[in-house]
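Contents: one structure, followed by commentary.
The values are calculated or read from the model by the stated rules, or taken from the named source; none is laboratory data. These figures come from a predicted structure and were not determined experimentally. Here the Cβ is made from the backbone with ideal geometry for all residues, glycine too, and neighbour counts use every protein chain on show.
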Amino acid sequence: ETPVLAAENVTKHFDTGTQTVRALENVTLRLYRGRIAALVGESGSGKTTLARLLAQFYPVTSGEIKLRGQTVSRADKAFYGEVQLVFQDPFASLNSLRKVEHNVRRALKLHGHESGDDQVHELLGKVNLTPAAEFARKLPHELSGGQRQRVAIARALAVRPAVLLGDEPISMLDVSIRLDVLNLLARLREEEGLALLYITHDIASARYLSDDIYVMYAGQMVEGGPAESVIQEPKHPYTRLLIDSSPDPERAGGSSAFTATAKLGEPPSLVDPPPGCRFHPRCPFAMDKCKTDFPPRTEFSDGSWTNCWLHEEA
Ligand code: SF4
């Protein structure tokens, strides 16, 4: 199956004039129709940079962004309707001075779709803002955080995208309504056949929502595969650390001996990142070659893979 949207071997460096920020190194991520992939990592790991590259906010330094197998660039106008980003802060994408209906209608119009009350109300219904006519007349500040995020999702859907990229879409919301928004995303994936990328620092919610999980550390992709394989049998020490540090009550066993020696903390600087495996300064299993060479990819029979020298022989 060809991925709807993919980042293939993508590297992104930002030149600030005095320094080079090595934000992403040779990262691959593939999104499929009707599937949810979670991209998990701490802040500063490059998750948002990858989402922005996938949405063509800025060009790659090397590698390719592919839409249905074809390499795309920022110049491809057709691309913009296909991929939509939903941000952490729902206010970021809404005009706070205009009613909900205006916000949604504008997205419809921009992409040349019919934009009558019926179309606006249908979109609000899709994101469970009912009665739609009532919500349509409200201003963004009259809504709760969760309702605003639903309007932002309705706006993204107005464009009829093939791919929705959610960058920490629930992290600013009340804990009590986070699950509602995740369930909405899961339903939209089914009903609209969307390919969905769910970006989060919370591996428990990634497990809840996603079919596939990708784990990033300091701009490198360290592990990926079917969600259950990654959670039940993490292959990379960093994934193990994320799981052990997660407050997921469903997780059995509590912290491992490993977590006692490795702790979540500040990820390394991307201006002068550690050579080799960037996790090596924090990894209790680090060997000499970890400090010089990035490990090759090792694939497993459960569909998962990792980049870690520990598995080289496996
Ligand atoms: Fe640890 Fe080496 Fe594996 Fe990196 S490659 S996670 S340093 S064992």
Some residue of the stretch 184-202 being farther than 19 Å from residue 31 by Cβ and in contact with a helix residue (DSSP H, G or I) (Cβ under 7 Å, 6 or more places away or on another chain): no
Members of the stretch 209-227 that are more than 14 Å from the chain's Cα centre (by Cα) and either hydroxyl-bearing (Ser, Thr, Tyr) or assigned to a strand (DSSP E or B) (or both): 220, 222, 223, 225, 226
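State all residues of the stretch 297-308 that are assigned to a loop (DSSP other than H, G, I, E, B), of a type outside the set (Gly, Ala, Ser) and either without any contact (Cβ under 8 Å) to a residue 12 or more places away in the chain or within 10 Å of the ligand (Cβ to nearest atom) (or both); if no residue qualifies, say none. Steps first, answer last, please.
Here is the first cut: in the stretch 297-308, the ones assigned to a loop (DSSP other than H, G, I, E, B) are 300-304, 308.
Applying the additional criterion that residues be of a type outside the set (Gly, Ala, Ser) yields 300, 302, 308.
Answer for the stretch 297-308, where residues must be assigned to a loop (DSSP other than H, G, I, E, B), of a type outside the set (Gly, Ala, Ser) and either without any contact (Cβ under 8 Å) to a residue 12 or more places away in the chain or within 10 Å of the ligand (Cβ to nearest atom) (or both): just 308.
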Residues that are in contact (Cβ under 8 Å) with a residue 60 or more places away in the chain and either surrounded by fewer than 19 Cβ atoms within 10 Å (Cβ to Cβ) or of a type outside the set (D, E, K, R) (or both), drawn from the stretch 274-296: 279, 294
Selection within the stretch 61-92 - outside any loop (DSSP other than H, G, I, E, B), in contact with a Leu (Cβ under 9 Å, 6 or more places away or on another chain), touching a residue at least 24 places away in the same chain (Cβ under 8 Å) and under 24 Å from residue 24 (Cβ atoms): 63, 65, 66, 67, 82, 83, 84, 85, 86
Every residue from the stretch 217-243 that is in contact (Cβ under 8 Å) with a residue 40 or more places away in the chain and more than 13 Å from the ligand (Cβ to nearest atom): 219, 224, 225, 226, 227, 229, 230, 233, 243
Checklist (1) buried (at least 20 other Cβ atoms within 10 Å of the Cβ); (2) within 27 Å of residue 32 (Cα to Cα) applied to residue 120, failing item: (2)
Selection status of residue 246, under 23 Å from residue 126 (Cβ atoms), more than 16 Å from the ligand (Cβ to nearest atom) and modelled with pLDDT under 95: no
Number of the condition not met by residue 196 [criteria: (1) outside any helix (DSSP H, G or I); (2) in contact (Cβ under 8 Å) with a residue 24 or more places away in the chain; (3) within 16 Å of residue 41 (Cα to Cα)]: (3)
Filter result for residue 258 (over 25 Å from residue 85 (Cα atoms) and modelled with pLDDT under 90): yes
Complete set of residues in the stretch 4-34 that are over 24 Å from residue 226 (Cα atoms) and free of Cβ contacts under 8 Å to residues at least 40 places away in the same chain: 14, 15, 16, 17, 18
Among (1) within 20 Å of residue 79 (Cα to Cα); (2) in contact with an Asp or Glu (Cβ under 7 Å, 6 or more places away or on another chain), the one test that residue 33 misses: (2)
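In the stretch 122-149, what residues are under 17 Å from residue 191 (Cβ atoms) and either assigned to a loop (DSSP other than H, G, I, E, B) or free of Cβ contacts under 8 Å to residues at least 60 places away in the same chain (or both)?
Within the stretch 122-149, the first condition is being under 17 Å from residue 191 (Cβ atoms), and the residues that meet it are 122-130, 132.
Of everything in the stretch 122-149, those that are under 17 Å from residue 191 (Cβ atoms) and either assigned to a loop (DSSP other than H, G, I, E, B) or free of Cβ contacts under 8 Å to residues at least 60 places away in the same chain (or both) turn out to be 122, 123, 124, 125, 127, 128, 129, 130, 132.
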